[in-house]
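The values are calculated or read from the model by the stated rules, or taken from the named source; none is laboratory data. Here the structure is a predicted model, which means the values were calculated and not measured. Because the Cβ atoms are built from the backbone with ideal geometry, glycine has one as well, and the counts that use them run over all protein chains shown. Accessible surface is based on the protein model in full, side chains and every heavy atom, while ligands, DNA and RNA are left aside. Shrake-Rupley method; radii C 1.70, N 1.55, O 1.52, S 1.80 Å.
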Amino acid sequence: MRALQGLRGPRAPALPLLLLCFLAAVRRSLEDGLSTAAPFTSLPVQEEITTKYSNLSLESHNISVTEHSSMPVEKNITLERPSNVELTCQFTTSGDLNSVNVTWKKGDKLLEDNYLVNAMGSILYTQYRVAVIDSKQMGSYSCFFGEKKQHRGTFNLKVPEINGKNKPLITYVGDSVVLMCKCQDCLPLNWTWYGANGSVQVPLGVPVNDKYVISGKHANETRLKITQLSEDDQGTYWCHAIFELGESGGHVELVVLSYLVPLKAFCAIVAEVVLLVTVILLFEMYTQKKKKPSDDGKEFEQGEQMKLDDSNGIENSGPRHRKNESVGQ
């Protein structure tokens, strides 16, 4: 464990023995980490870095970790240009601070220099300073508290993110399309575009028969225009922004459709309509046929009834004629 920083008292030329013993005890307690207000003291390595890169801006970032933290605490730090970065972790515990082991790692590599440890009350502080001058210093820096049960805080140093297009861009054969990527609140040094050739990314910086044209109205955006589209042009296109500290990329998915695709959909709709109309007509014909026998039966019954009525009328007229003849006589 890194020793906690303390203060050393001046040595008096002549003091009583009791006072000397008292000062010695105070000095030992401070060196053991019992100081409650001692600030961080710069290490020689830090002083060298500060002097060498004094022209760089200083960025300070903090993370708070407690003994009850079950998950690592992370913080993303976006760096566009070289800077001096000061990373501070504070660990709050109810136990003995002297028994807490403190370590720093960059990725999986243990960092043995250039970090400080200090205590203030029930809080243990540790600080790491790094001069980020190129992509080698980018990455994840983690502070660890404890040995068996480690509590971790992680700072992720990365370049700005590039925003492409989340949803696929759909167009048709023979058309032109413009793909765009943008970086929010940043100014890349340069932009490059790549297309897919199987699993390999192919640069698209050189125009091929004016098919690809790269442009941008502002420094924080780039546009790729693709003309005379064919089905072979569909796929994923990557845009890369180049910064002093590394590269960042985004992608755009392009889908190129043939004009037969909407025609197929239209034909499918027409077929569904025709099928529906056919089903309705067949149902009507079936219903009409079902009704026709019952109507014929009713007409037959009506005809039989009329015949029966006619026959009854003839029979009834015979007695009337005979009665009339008898009366005439």
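Collect the residues in the stretch 131-167 that are farther than 21 Å from LEU116 by Cβ and at pLDDT 90 or above, keeping them in residue-number order.
ILE133, ASP134, SER135, LYS136, MET138, ASN156, LYS158, VAL159, PRO160, GLU161, ILE162
Say we look at the stretch 177-205 and pick out the residues that are open to solvent by less than 80 Å² (accessible area, probe 1.4 Å) and outside any strand (DSSP E or B); which of these is modelled with the highest pLDDT?
The extreme case among them is PRO188.
Being part of a helix (DSSP H, G or I), under 40 Å from the mean Cα position of the chain (by Cα) and either modelled with pLDDT of 90 or more or surrounded by 10 or more Cβ atoms within 10 Å (Cβ to Cβ) (or both) is true for just one of VAL252, VAL261. Which residue is that?
Residue meeting the stated conditions: VAL261.
Of all strands (runs of 3 or more DSSP E) completely enclosed by the stretch 52-123, which ones contain at least 1 residues that are farther than 14 Å from GLY139 by Cα and touching a residue at least 12 places away in the same chain (Cβ under 8 Å)?
By residue number, 57-66, 73-78, 83-92, 102-106, 115-120.
Of the conditions (1) in contact with a strand residue (DSSP E or B) (Cβ under 9 Å, 6 or more places away or on another chain); (2) open to solvent by 70 Å² or more (accessible area, probe 1.4 Å); (3) not basic (Lys, Arg), CYS267 satisfies every one except a single condition; which number is it?
It fails just one condition, (1).
What number goes with the only condition from (1) in contact with a Pro (Cβ under 9 Å, 6 or more places away or on another chain); (2) under 27 Å from LEU79 (Cα atoms); (3) open to solvent by less than 70 Å² (accessible area, probe 1.4 Å) that GLU244 does not pass?
(3)
Suppose we keep only residues that are touching a strand residue (DSSP E or B) at 6+ places or on another chain (Cβ under 7 Å) and more than 20 Å from TYR53 (Cα to Cα) within the stretch 70-86. Which one would you say is modelled with the lowest pLDDT?
Going through the qualifying residues, I end up with PRO72.
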